[in-house]
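Student: Here you go, one structure.
The values are calculated or read from the model by the stated rules, or taken from the named source; none is laboratory data. All of these numbers come straight from a predicted model, not from anything done at the bench. Don't worry about glycine lacking a Cβ; one is built from the backbone with ideal geometry, like all the others, and counts go over all protein chains shown.
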Amino acid sequence: MRFSQYLPDLVPHDAISDHVRRLGAVLAGAGHEVSIHASHVDHRLRGEARRWTPGSPPPEGVAIYHSSTGSPIAAWLREHASAGGRLVVDHHNITPSRYFARWDPDAAARCRAGRAELASLASHAELALADSGFNRDELIDAGYARSATCPLLVDLDAFRGPPDRASLRRSATGRCGGGVSWLFVGRLAPNKCQHDLIAAFAVFRRLHDPAARLALIGSTSSTLYRRALDALCRELEVHDAVSVTAGVPHAELLARFRAADVLVCLSEHEGFCVPLLEAMVVGTPVVAFDAAAVPETLGGAGVVLADKDPLAVAEAVAGLLSDPGGRDRLVEAGRRRAEAFDLGASTARWLAALEGLAG
């Protein structure tokens, strides 16, 4: 079979882009012809994809559209499917526009467009796939008649090996003053609620550990929101204890996970949340807010909070770290949970779903 994958942006260190590239490799390894097309292709990945424009030739074989934000590709593929072309939609979730309304009106508009486009493709797709039950429910609500859940293709083995020693030493050096190390991995974005995380961290320092440190690792989705986070750190007097890194090489990321005492995620909207899996594989315990797909991804292998009041979060982290036996049990549960997303098993599910189209 021939598969043509489409997505708005193909960039390094991005969960959706990594998934698309792995899916391409999986399909090619099974003997299928595969191509990747994107409106924007990062210069580091130009050899792996073709740039899509409205004048691009029509898809060959089955078109797979990876839905994550508004894109003119959606309307183009809808026209293609209306003329008899074959279409599969892979829904990675689209952030509700309300989270960006006050921070980035353009991003909010793209989110609104993406939601409308997802619904507009429902009657044209012969199959829709989602990487979580939460996302599949959205597909059903949008009117997709045939849908299935296939896990995101994540290479967790890359997090099971030993970290780079130099990177680990650098991470350890950052903790030379002692104190508990909090970690968050993911974009700085309003829906991920780093403002709530910083507030909880400030309470934790005040009540439990004045030497605690918080590392935020991820690119910035909104400049205005990033400025507000910086101002909040200064207002709460934790600016010297909070570090922000736009992105790090894999070896450095692995070392950061290993050096952290806890991963704290207070995001209100996640379609899957890959960093939770990465933390569980490495053995970093997770404290997270009960929202969207987060509890589904954790599968009981993390501390899930119904309340993210700063005091409640700070006390949850303190309680976890003060109970070594409970922490160890949680870490072991996380490692077992991560096995459910083994790349081999996930690959088999994707092949079964897509090769089933031949029948």
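Student: Given the criteria of a type outside the set (K, R), over 30 Å from D141 (Cα atoms) and modelled with pLDDT of 95 or more, does H66 qualify?
Tutor: no
Student: Taking region 45-62, which residues are surrounded by 12 or more Cβ atoms within 10 Å (Cβ to Cβ) and under 23 Å from the mean Cα position of the chain (by Cα)?
Tutor: L45, E48, A49
Student: Are any residues in region 286-309 surrounded by fewer than 21 Cβ atoms within 10 Å (Cβ to Cβ) and not aliphatic (A, V, I, L, M), and if so, which ones?
Tutor: Answer for region 286-309, where residues must be surrounded by fewer than 21 Cβ atoms within 10 Å (Cβ to Cβ) and not aliphatic (A, V, I, L, M): D290, P295, E296, G299, G300, D307, D309.
Student: Of all residues in region 318-337, which are surrounded by 14 or more Cβ atoms within 10 Å (Cβ to Cβ) and either charged (D, E, K, R) or modelled with pLDDT under 95 (or both)?
Tutor: Listed by number, the residues that qualify are R327, R335, R337.
Student: Sticking with this one: Would you call V304 in contact with a Pro (Cβ under 9 Å, 6 or more places away or on another chain) and aliphatic (A, V, I, L, M)?
Tutor: Yes.
Student: Something else: How do the pairs read when you match residues in region 62-87 that are aromatic (F, W, Y) with residues anywhere that are buried (at least 19 other Cβ atoms within 10 Å of the Cβ) and assigned to a helix (DSSP H, G or I), using Cβ under 9 Å and keeping only pairs 6 or more apart or on different chains?
Tutor: Between residues of region 62-87 that are aromatic (F, W, Y) and residues that are buried (at least 19 other Cβ atoms within 10 Å of the Cβ) and assigned to a helix (DSSP H, G or I), the close pairs are Y65/I73; Y65/A74; Y65/L77.
Student: Picking from V26, V41, which residue would you name as being crowded, with 20+ Cβ neighbours inside 10 Å and among the hydrophobic types (A, V, I, L, M, F, W, C)?
Tutor: Exactly one residue qualifies, and that residue is V41.
Student: Which residue out of R165, R226 is free of Cβ contacts under 8 Å to residues at least 12 places away in the same chain and not assigned by TED's automatic domain parsing to the domain that holds E117?
Tutor: After ruling out the rest, the residue left standing is R165.
Student: So, restricting to helices (runs of 4 or more DSSP H) that lie completely within region 29-144, which ones have at least 1 residues that are over 25 Å from W350 (Cβ atoms)?
Tutor: 72-82, 105-120
Student: If the requirement is being over 27 Å from R226 (Cα atoms), among the small types (G, A, S) and surrounded by 20 or more Cβ atoms within 10 Å (Cβ to Cβ), which of these qualifies: A74, A116, A122, A83?
Tutor: A74
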